[in-house]
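Just below is one structure, and these are the notes that go with it.
The values are calculated or read from the model by the stated rules, or taken from the named source; none is laboratory data. Quantities reported herein were computed from a predicted structural model and do not represent experimental measurements. Cβ placement follows ideal geometry from the backbone for every residue including glycine, while neighbour counts extend to all protein chains displayed. These area figures cover heavy atoms from the full protein model, side chains too; ligands, DNA and RNA do not enter into them. Shrake-Rupley method; radii C 1.70, N 1.55, O 1.52, S 1.80 Å.
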Amino acid sequence: MKVYTTEKAPAAIGPYSQAIEANGFLFASGQIPIVPATGALAAGDITVQAEQVMKNVGAILQAAGADYTDVVKTTCFLADMEDFAAFNEVYAKYFTGKPARSCVAVKELPKKVLCEVEIIAVKRTN
């Protein structure tokens, strides 16, 4: 197993890794809309927060030598299912390969954010 850490994504706020590679799969912890440079939450609506989440996911993928097209599964958490359509608009710009996905509304997310996304990717071997 290999652990991936990048300063271009928020540091883990608990006893976990940003991502771990095992047997060619990359498992990334859920990303919330924290701006890595400041540690502050991205202030704004679901569109603003989803954009930051996608940037954070992208930074982890890049650190592991992968990109959005390598993602095979996402799990998306929304604080309010009323944000589903707006979230999907942002999501679709990044995950053009249309990986398998689960998307659920939850009672509450860390730091009271509006969304969180975790991914599983397959690292290509050339």
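Couple of notes before you dig in:
- For segment 1-61, the list of trypsin sites (Lys or Arg not before Pro) that fall in a loop by DSSP and count at most 16 other C-beta atoms within 10 angstrom reads K8.
- The fraction of accessible area contributed by carbon and sulfur in the chain is 55 percent, rounded to a whole number (1.4 Å probe; ligands and nucleic acids excluded).
- Share, in percent, of DSSP beta bridges within segment 75-126 that are antiparallel, nearest 5: 50
- Placing a pseudo-label 7 Å from each Cα along the Cα-to-Cβ vector at I13 and M1 gives an inter-label distance of 2.3 nm.
- Within the chain, C115 have no other Cys Cβ under 4.7 Å of their Cβ and so lack a disulfide-compatible partner by this rule.
- Computed from Cα atoms, the angle from the helix 46-63 axis to the main principal axis of the chain rounds to 10 degrees.
- Local charge for Q31 was computed over the other residues whose Cβ lies under 10 Å away, with Lys and Arg +1 and Asp and Glu -1, and equals -1.
- For Q31, the residues whose modelled amide H falls within less than 5 Å of its own, excluding neighbours fewer than 5 places apart on the same chain, are V117, E118.
- At most 15 other Cβ within 10 Å, DSSP loop - trypsin sites (Lys or Arg not before Pro), segment 71-113: K107
- Angle between the chain longest axis and helix 84-94 axis [Cα atoms, degrees, rounded to 10]: 30
- In a DSSP loop and with at most 12 other Cβ atoms within 10 Å, the GluC sites (Glu not before Pro) in segment 23-124 are E108.
- Potential lengthening of the chain between E89 and D67 amounts to 6.0 nm, from the contour at 0.36 nm per residue minus the alpha-carbon distance.
- With 0.36 nm allotted per residue and the present C-alpha distance subtracted, the A100-A37 stretch has 19.6 nm of extension available.
- Cα-projected label distance for E82 with K112, points at 7 Å along beta-carbon direction, nm: 1.6
- Within the chain, the proportion of C-alpha pairs whose separation exceeds 27 Å stands at 11%.
- Accessible surface calculations at 1.4 Å, restricted to protein heavy atoms, place the chain at 54 Å² per residue.
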